[in-house]
Amino acid sequence: MARAHIPAVTDVRGRTLVTSFVGLSVLVLAGCAQTDGSGTPAGADAASSDAITLTPTHGSVQGGNRVFVDAEGSPEGPVTVAFGDSPGVECEFDADVRRHACVAPRREDPGIVEVAVTADGNTLAEKASYAYTTPGTQVSPVLTVDTSAVQRNAEEIRNEFPSGVQLGAVLKNGEPVDVFGNVIEDAADPEYFFVPKLDDAITLRESGVTAKIAVMYVMDTADIPLLVHYDIEVAATAPAWAEEAERILAEMDAELNVHLWIDTGLAREGVVPEEALPLARAIEGAEHLNLAGIATHFCCIAEGDVEAIESNDATNATVVQKNRFDAAVEQIRGEGLGQDALIHAGASDVLANDIESLYYDMLRIGGMFFASSAPDDFIYSWTTEIDQVKTLPEDWCIDYGCEERTQVPTKVGLISHIPSRDEAIVFTVNGREVPVLLDHGTVVTLDLTGVPETSVGDEVTIDFSPETDHLLEATPPLPVTVGTGG
Ligand SMILES: *Cc1c(COP(=O)(O)O)cnc(C)c1O
């Protein structure tokens, strides 16, 4: 099973995916728990004579902070240190600290870079690694994304997908979209990806996704040059939007595929059915716009929907939606418009319930990719290390107020800076789930009675509880902020 550490994400076949993913490293957490406590980056050979250590091992993408470099065997004279691809910076030996002091250069994206040290014109063979993080620098557990459950789901969805129907993968459930986009593209080869924001679409495109990509919701016409540049399709939302888009595209001498979304009774994206035909006319009348799709959203299938659709029961909400959609499509096509447009409406629920009359040309599947089949199919987990181990005497107070006491002498382990989340989480040490004696977020005391061999530095894995719905959430429960908007 692949446990993919961010940013060195590997998929289940063990390939390292990190290089092709530009945006994934937003999940790099401050704290860089990949050190072994001595400040030596994991993987570096601490025993080697010219091992390089950096202090600190991480810093903000803004750069400008001081990083001390300890390169054994390097002279006390100036050395040059290169952070990743950045040009080398001159570092001065700081006699007080007995290390070379370097100013970290700024970097565009967060992520871990290799650091090379050159002394007297010789570049040391040993390299160190340095993590560029986004703002928010509290020491925190390292996030791990396990892509194998999503990959299995994607393979299963593709294997059982109705033939003749196109697959649209909806990525709006979590980060990093590029990691999941590539896993889904490899495993299920969808015709389309649908995303909520332009940023997500660009991230997917830049990470090598070759399928068509469409933004599902309203977008500013000012972003049309970006859509063209990255080959991204978009929702057309009003005749005036189409006219303005046409003006911009004509100037650029470029074409844009758009999808006409109809709100058939959800009060969300799209025009109301009466406005669908005028919008279709505006799109088809615009030389540089192609009507690539006509869409609505059948999100949820309720009990009785199947029978109601069969009997065309007009008291059923899904039937009402379907009839509005079919009528609008018929009206558009009746005028000879949208002949080649893909008709798409159904989501995971439609596929799960095999409702063929709602398949149309394409299904847009989101949640099904992220569903867990086994209770321990974790997608997100975090790892940290035991900071302190001790044995509490019998009858020892637990927590403020001393409302609880130990019954027997109890071995405990302390961990710190655990991201707070609403979802229940479980802690695993040395292969066993351990109870929480006390959880103050910044300090969590784990009961190690079941794993008495545990010592300081042992790894703790933090997962969503199997009892909770651990789909990826739109708001990742991460102690990072991404960018500052300048
Ligand atoms: C979320 C969403 C989907 C996917 O729905 P799931 O139930 O997650 O499969 C499809 N279309 C639109 C417009 C959506 O917002």
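The values are calculated or read from the model by the stated rules, or taken from the named source; none is laboratory data. Since we're looking at a predicted model, the values are computed, not measured. Protein only, heavy atoms only, side chains kept; ligands, DNA and RNA dropped before computing areas. Shrake-Rupley method; radii C 1.70, N 1.55, O 1.52, S 1.80 Å.
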Rounded to the nearest angstrom and ordered from largest down, what semi-axes does the equivalent ellipsoid of region 348-406 get from its C-alpha gyration tensor (root of 5λ)? 51, 15, 9
Could you check how much of the accessible area of region 309-433 is carbon and sulfur, as a whole percent, using a 1.4 Å probe? 44 percent
Probe radius 1.4 Å, ligands and nucleic acids ignored: give me the carbon and sulfur share of the accessible area of region 253-296 as a rounded percent. 44 percent
Amide H contacts under 5 Å for Gly63, placed H, 5+ residues apart: Arg107
Apply the Karplus parameterisation 6.51 cos²θ - 1.76 cosθ + 1.60, with θ equal to phi minus 60°, to every residue of region 355-364 and state each ³J(HN,Hα) to the nearest whole Hz, in sequence, with x for glycine and proline. 8, 4, 5, 10, 6, 6, 8, 8, 10, 10
The answer for Ile262, listing residues at least 5 apart or on another chain whose modeled amide H is closer than 5 Å to its amide H, is Val271, Ala295, Thr296
In terms of modelled amide H atoms, which long-range or inter-chain residues lie less than 5 Å from the amide H of Leu437? Thr445, Leu446, Asp447
Under the Debye formula (equal points on every Cα, no solvent term), log10 I(q)/I(0) of region 77-231 at q = 0.15, 0.16, 0.20 Å⁻¹: -0.91, -0.97, -1.21
